[in-house]
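Engineer: Structure below; questions to follow.
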Amino acid sequence: ISSTEPNLQNIPVRSELGKEMRKFFIAKEGSLLVDADYSQIELRVLAHVANDKNMLDAFNNGDDIHAITASQVFNMPLMMVTPLMRSRAKAVNFGIVYGIGAFSLAKDIGVTRAEADSYIKGYLAHFSGVDRYMKESIEKAKKCGYAVTAYGRRRYLPELTASNHAVRAFGERVARNMPIQGTAADIIKIAMVKVRRRLAEENLDAKLIMQVHDELIVEAAESCAGRAAEILRFEMENAAQLSVPMEVSVGVGKTWLEAH
């Protein structure tokens, strides 16, 4: 599912200026935008498929996963974790999902390669289930020739048998992250089907108008925007049964910026 001219799925959101662009997207007269966003869905999928006890505990206890990671990676008590440490741990958390290496992580967060390498090693020592999952994913993909999501969707990986080292390394990265990202993508598509069905069943003047990564946007008449928000939250949180809760934040507003 993609869009071009404009690419609505690539409106920047991390920078202040990028966020401002969301002001340009306005609900039609008499309607509001309802925006629902999964919280850390890929990390939650990772905790589920890797069956990593420490990560499962963190999510099930409602802990701040990035602060917990920082505490482990920097060998610090939780209350002494600084915002900078948390920010670096967050980069490690999300980077691991993408199969990041020390070189890329160092560049992303502005530390030396040796520091980045020690962060990754510290992470994998604490989240040993994730480390095991990474290794097993590559072995499994080499054996059968493809990576697979939790719902059975496959991506074939001829790169794993390439003679070129860089091509082979790319295949190994995909073997690790495709089951995570692919499962998260499967879940949001299931949520889309369920949301659309519920809106129709309840005969609401509301329509699912866009999906952006882990975010769904509904345009709803002002009179039923509250109900549409309830439906979005319920259907997204129950689109799949993971061993950790799926959390969704929902906002309502006249513009996309207000709703997010």
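The values are calculated or read from the model by the stated rules, or taken from the named source; none is laboratory data. Computed from a predicted structure; not experimentally measured. FYI the Cβ positions are ideal-geometry reconstructions off the backbone, even for glycines, and counts take in every protein chain you see. Side chains are part of the model used for accessible areas, which takes the heavy atoms of the whole protein and leaves out ligands, DNA and RNA. Shrake-Rupley method; radii C 1.70, N 1.55, O 1.52, S 1.80 Å.
Engineer: State the label only: which of (1) -0.83, -0.99, -1.36, -1.59; (2) -0.84, -0.98, -1.28, -1.44; (3) -0.95, -1.07, -1.27, -1.34 corresponds to log10 I(q)/I(0) by the Debye sum over Cα atoms at q = 0.13, 0.14, 0.16, 0.17 Å⁻¹ computed from the shown model?
Structural biologist: It is the one labelled (3).
Engineer: Where nothing but the Cβ of Lys and Arg (+1) and of Asp and Glu (-1) is charged, how large is the charge dipole of segment 1-92 around its Cα centre, in debye to the nearest 20?
Structural biologist: Details: 10 positive and 11 negative charges, 40 e Å.
Dipole about the Cα centre, nearest 20: 200 debye.
Engineer: Rounded if a/c is under 1.5, else prolate if a/b is larger than b/c, else oblate: which is segment 75-207, with a ≥ b ≥ c the root eigenvalues of its Cα gyration tensor? The partial results should precede the final answer.
Structural biologist: On the way: a/c = 2.51, a/b = 1.27, b/c = 1.97.
Oblate, because a/c is 1.5 or more while a/b does not exceed b/c.
Engineer: So how much accessible area does E159 have, in Å² to the nearest 10, using a 1.4 Å probe?
Structural biologist: Solvent-accessible area, nearest 10 Å²: 40 Å².
Engineer: Relative to the Cα centre, what is the charge dipole magnitude of segment 1-158, using +1 at the beta carbon of each Lys and Arg, -1 at the beta carbon of each Asp and Glu, and rounding to the nearest 20 debye?
Structural biologist: That gives segment 1-158 a dipole magnitude of about 520 debye.
Engineer: List the residues whose amide H sits under 5 Å from the amide H of Y146, counting only those 5 or more places along or on another chain, with H placed 1.01 Å from N in the peptide plane.
Structural biologist: When sequence neighbours closer than 5 places are left aside, the close amide H contacts are L157.
Engineer: Then there is this: Could you check which residue among L32, L242, L232 shows the biggest mean-square fluctuation in a GNM of the chain with a 10 Å Cα cutoff?
Structural biologist: With Cα springs under 10 Å in the chain, the top fluctuation among L32, L242, L232 is at L242.
Engineer: Pull up all non-local amide H partners of M210: gap of 5 or more, or a different chain, and H-to-H distance under 5 Å with H placed in the peptide plane.
Structural biologist: I217
Engineer: Taking the Cα centre as origin and putting +1 on Lys and Arg beta-carbons and -1 on Asp and Glu beta-carbons, what dipole magnitude results for segment 109-251, to the nearest 20 debye?
Structural biologist: Values: 21 positive and 19 negative charges, 171 e Å.
Magnitude of the dipole: close to 820 debye.
Engineer: Something else about it: Using Cα atoms only, what is the angle between the long axis of helix 128-144 and the major principal axis of the chain, expressed in degrees (0 to 90) to the nearest 10?
Structural biologist: Helix 128-144 and the main axis of the chain meet at about 90 degrees.
Engineer: Another question, then. Counting Lys +1, Arg +1, Asp -1, Glu -1, what net charge surrounds S104 among other residues with beta carbon under 12 Å of its beta carbon?
Structural biologist: Details: positive: K107, R113, R173; negative: D108, D117.
For residues surrounding S104, the net value is +1.
Engineer: Can you tell me the accessible area per residue over the chain, all protein chains present, probe 1.4 angstrom, in square angstrom?
Structural biologist: Numbers: 13770 Å² over 260 residues.
Here the residues of the chain average 53 Å² of exposed surface.
Engineer: Just read off the accessible area of R113 with the full protein assembly in place, 1.4 Å probe, to the nearest 10 Å².
Structural biologist: 150 Å²
Engineer: Let me ask another. Mind checking which lysines have their Cα closer than 17 Å to the Cα of K90? Skip sequence neighbours fewer than 8 apart in that chain.
Structural biologist: Result set, ordered by chain and number: K107, K121.
Engineer: Here's another thing I want to ask about it. Probe radius 1.4 Å, ligands and nucleic acids ignored: give me the carbon and sulfur share of the accessible area of the chain as a rounded percent. Provide the component values of the computation, followed by the final result.
Structural biologist: On the way: 7250 of 13770 Å².
The C+S portion of the solvent-accessible surface of the chain is 53 percent.
Engineer: Taking amide H atoms as placed 1.01 Å from N in the peptide plane, list the residues 5 or more away in sequence, or in a different chain, whose amide H sits under 5 Å from that of F127.
Structural biologist: Placed amide hydrogens put nothing under 5 Å from F127.
Engineer: Treating the angle as unsigned and between 0 and 90°, give the value, to the nearest 10°, between the Cα long axis of helix 83-97 and the longest Cα principal axis of the chain.
Structural biologist: The angle comes out at about 80 degrees.
Engineer: While we're looking at this one, here's another question. Which order, highest average first, do 55-62, 79-86 follow once you tally other Cβ atoms within 10 Å for each residue and take the mean per peptide?
Structural biologist: Working: 55-62: 15.9, 79-86: 13.1.
In decreasing order of mean packing, 55-62, 79-86 become 55-62, 79-86.
Engineer: Just from its helices, what would the mean residue ellipticity at 222 nm be for the chain, if runs of 4 or more DSSP H residues each count -39500 (n - 2.57) and the sum is divided by every residue, rounded to the nearest 500 deg cm²/dmol? Walk me through the intermediate numbers first.
Structural biologist: Details: 11 runs with 140 residues, N = 260.
Value at 222 nm, helices only, nearest 500: -17000 deg cm²/dmol.
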